[in-house]
Amino acid sequence: MPRRSRTFALALTLTVAAPLLTACGGSAASDANVVTVYSADGLKGENGDGWYDQTFKDFEAETGIKVAYVEGGSGEMVQRAAREKSNPQADVLVTLPPFIQQADGKGLLQKYVPAGADQVSGAGKAADGTWTSVVNNYFGFVYNKKELTRTPATWEELLDSTYRNKLQYSTPGVAGDGTAVLIKAMHDFGGEQPALDYLGKLQANNVGPSASTGKLAPKVDKGELLVANGDVQMNYAQAKDMPNLGIWFPARNGGKPTTFALPYAAGLVTRAPHSANGRKLLDYLLSRTAQQQVSEIGGGFSVRQDIKATDPDATALAKLMSGVEVFEPDWDDIDEHLTSYVDAWKSATGS
């Protein structure tokens with residue numbers, strides 16, 4: 001996987017009249033002037049000030065097509081679309097990796113290359129055209145700047161008793177950012193077993209499972225937690241209203257801080273009830289207008305290589321990422337072995 005809640009029980013956030021979604025595909029599916037989006041949380045603002053809020057508003061004004069929006073954890077969104085495969089209700093699916101690859105593997109996405117996709121790097125889109133990233137993002141952690149006298153630096157220090165019942169990360173396999181904890185640990189510790197050994201020890205300080213990454217940052221800001229996982233785009237946007245929230249990237253003792261790209265990737269749902277509208281929305285999300293607003297409004301990074309943001313937020317984000325080593329996960333391997341990795345994590349942590 002606040003402004004956005006990465007909830008396992010789906011939070012339904014409307015940009016259209018309530019009856020449109022209450023039927024869960026009833027009136028929405030029959031309305032020719034609607035497009036239904038199933039999305040991981042993180043891009044919609046609690047106060048109507050997120051990137052989705054602005055782009056959906058502009059899209060509706062330009063096309064007359066209303067957006068019906070359903071939000072949840074990346075894994076849950078894919079599961080919901082899979083349950084509806086015989087009678088699809090969504091037109092566009094937006095999730096973090098490896099769940100977008102999982103959706104593709106389940107046959108939930110049809111091929112469509114949006115206008116502007118030629119400006120997205122090869123790593124940011126499917127080779128077969130089934131999905132394209134719409135907002136770049138990076139995995140990270142947050143900490144309480146008021147309660148901690150310095151920014152945490154390493155994985156190892158999180159084992160200290162200072163963090164007992166003051167640390168929490170979202171659940172791998174359910175939340176995209178929770179799965180990212182496992183992916184980063186496997187990279188930083190040099191393999192699956194060393195990562196599981198560490199996470200097993202960390203469990204002594206862990207408050208417990210959370211299906212919602214977005215709900216952790218407010219707890220950190222209030223001091224209920226000292227440290228939690230998140231992602232740069234979401235937490236940067238939250239920090240504007242949460243003064244005690246700081247972003248950091250764990251390193252191994254003696255090593256450099258690391259992270260990896262965790263983009264929001266979008267695809268057109270197979271047999272979407274409003275495929276034409278879905279195509280129009282995907283085109284709009286990759287348009288220059290929408291992409292130029294990613295940093296200033298969304299706190300994220302444009303996926304278009306021909307857009308070089310220079311606004312103050314883009315400058316601050318670049319400074320935040322300075323000195324952080326970015327690695328590229330083997331998403332094919334993670335997609336193939338995700339279930340076994342999650343099962344091993346459950347066994348190691350007793351979750």
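The values are calculated or read from the model by the stated rules, or taken from the named source; none is laboratory data. Small disclaimer: the values here were computed from a predicted structure and weren't measured. Here the Cβ is made from the backbone with ideal geometry for all residues, glycine too, and neighbour counts use every protein chain on show.
Looking at region 205-221 only, could you name the residues that are under 16 Å from residue 157 (Cβ atoms) and touching a Lys or Arg at 6+ places or on another chain (Cβ under 7 Å)?
205
For a quick check of your reading of the model, give me the residue pairs whose first member lies in region 268-283 and is within 16 Å of residue 104 (Cα to Cα), whose second is outside any helix (DSSP H, G or I) and of a type in the set (A, V, I, L, M, F, W, C), with beta-carbon atoms closer than 6 Å and at least 6 apart or on different chains.
Once the first residue is within 16 Å of residue 104 (Cα to Cα) and sits in region 268-283, its partners that are outside any helix (DSSP H, G or I) and of a type in the set (A, V, I, L, M, F, W, C) give 269/90; 269/93; 270/108.
To keep it simple, each residue is scored yes or no on (1) farther than 27 Å from residue 337 by Cβ; (2) not assigned by TED's automatic domain parsing to the domain that holds residue 296.
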| site | (1), (2) |
| --- | --- |
| 131 | no, no |
| 153 | yes, yes |
| 174 | no, yes |
| 177 | no, yes |
| 200 | no, yes |
| 210 | no, yes |
| 218 | yes, yes |
| 226 | yes, yes |
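Here are some residues: 46, 60, 76. Which one is more than 14 Å from the chain's Cα centre (by Cα) and either in a helix (DSSP H, G or I) or not assigned by TED's automatic domain parsing to the domain that holds residue 287 (or both)? Step through it out loud before you land on a result.
On the way: 46 fails: either in a helix (DSSP H, G or I) or not assigned by TED's automatic domain parsing to the domain that holds residue 287 (or both); 76 fails: more than 14 Å from the chain's Cα centre (by Cα).
The match here is 60.
I'm trying to understand the selection: among the residues of region 127-149, which are surrounded by fewer than 21 Cβ atoms within 10 Å (Cβ to Cβ), at pLDDT below 95 and either in contact with a helix residue (DSSP H, G or I) (Cβ under 9 Å, 6 or more places away or on another chain) or not β-branched (Val, Ile, Thr) (or both)?
Of everything in region 127-149, those that are surrounded by fewer than 21 Cβ atoms within 10 Å (Cβ to Cβ), at pLDDT below 95 and either in contact with a helix residue (DSSP H, G or I) (Cβ under 9 Å, 6 or more places away or on another chain) or not β-branched (Val, Ile, Thr) (or both) turn out to be 127, 128.
Please determine whether any residue of region 8-22 is closer than 22 Å to residue 268 by Cβ, modelled with pLDDT of 90 or more, assigned to a helix (DSSP H, G or I) and out of contact with any Pro (no Cβ under 6 Å at 6 or more places or on another chain).
No, region 8-22 contains no residue that is closer than 22 Å to residue 268 by Cβ, modelled with pLDDT of 90 or more, assigned to a helix (DSSP H, G or I) and out of contact with any Pro (no Cβ under 6 Å at 6 or more places or on another chain).
I'd like to know if region 167-181 contains one or more residues that are at pLDDT 95 or above, in a strand (DSSP E or B) and buried (at least 21 other Cβ atoms within 10 Å of the Cβ).
Scanning region 167-181, I find at least one residue that is at pLDDT 95 or above, in a strand (DSSP E or B) and buried (at least 21 other Cβ atoms within 10 Å of the Cβ), so the answer is yes.
Within the bounds of region 196-207, is there any residue that is at pLDDT 95 or above, touching a strand residue (DSSP E or B) at 6+ places or on another chain (Cβ under 7 Å) and assigned to a loop (DSSP other than H, G, I, E, B)?
The initial filter retains those residues of region 196-207 that are at pLDDT 95 or above, namely 196-207.
Then drop every residue that is not touching a strand residue (DSSP E or B) at 6+ places or on another chain (Cβ under 7 Å), which leaves 205-207.
Restricting the remaining residues to those that are assigned to a loop (DSSP other than H, G, I, E, B) gives 205, 207.
There is at least one residue in region 196-207 that is at pLDDT 95 or above, touching a strand residue (DSSP E or B) at 6+ places or on another chain (Cβ under 7 Å) and assigned to a loop (DSSP other than H, G, I, E, B).
Among the residues in region 83-91, are any in a strand (DSSP E or B), within 27 Å of residue 178 (Cβ to Cβ), touching a helix residue (DSSP H, G or I) at 6+ places or on another chain (Cβ under 8 Å) and of a type outside the set (Phe, Trp, Tyr)?
Start the filter on region 83-91 by keeping residues that are in a strand (DSSP E or B), which leaves none.
Taking every residue of region 83-91 in turn, none turns out to be in a strand (DSSP E or B), within 27 Å of residue 178 (Cβ to Cβ), touching a helix residue (DSSP H, G or I) at 6+ places or on another chain (Cβ under 8 Å) and of a type outside the set (Phe, Trp, Tyr).
Does residue 329 satisfy the condition of being in contact with a strand residue (DSSP E or B) (Cβ under 8 Å, 6 or more places away or on another chain) and outside any helix (DSSP H, G or I)? Before you say what the answer is, go through the steps one by one.
On the way: in contact with a strand residue (DSSP E or B) (Cβ under 8 Å, 6 or more places away or on another chain): yes; outside any helix (DSSP H, G or I): yes.
Against the criterion (in contact with a strand residue (DSSP E or B) (Cβ under 8 Å, 6 or more places away or on another chain) and outside any helix (DSSP H, G or I)), residue 329 qualifies.
Scan region 77-108 residue by residue and report those that are of a type in the set (Asp, Glu) and crowded, with 24+ Cβ neighbours inside 10 Å. Steps first, answer last, please.
Within region 77-108, the first condition is being of a type in the set (Asp, Glu), and the residues that meet it are 84, 91, 104.
91 - this is the single residue of region 77-108 that is of a type in the set (Asp, Glu) and crowded, with 24+ Cβ neighbours inside 10 Å.
Search region 85-99 for residues being of a type in the set (A, V, I, L, M, F, W, C) and modelled with pLDDT of 95 or more, and hand back the single one that is nearest to the chain's Cα centre (by Cα). Reasoning before the result, please.
Of the residues in region 85-99, the ones of a type in the set (A, V, I, L, M, F, W, C) are 90, 92-94, 96, 99.
Of the ones still in play, those that are also modelled with pLDDT of 95 or more are 90, 92-94.
Working: 90: 18, 92: 15, 93: 12, 94: 9 Å.
The selected residue is 94.
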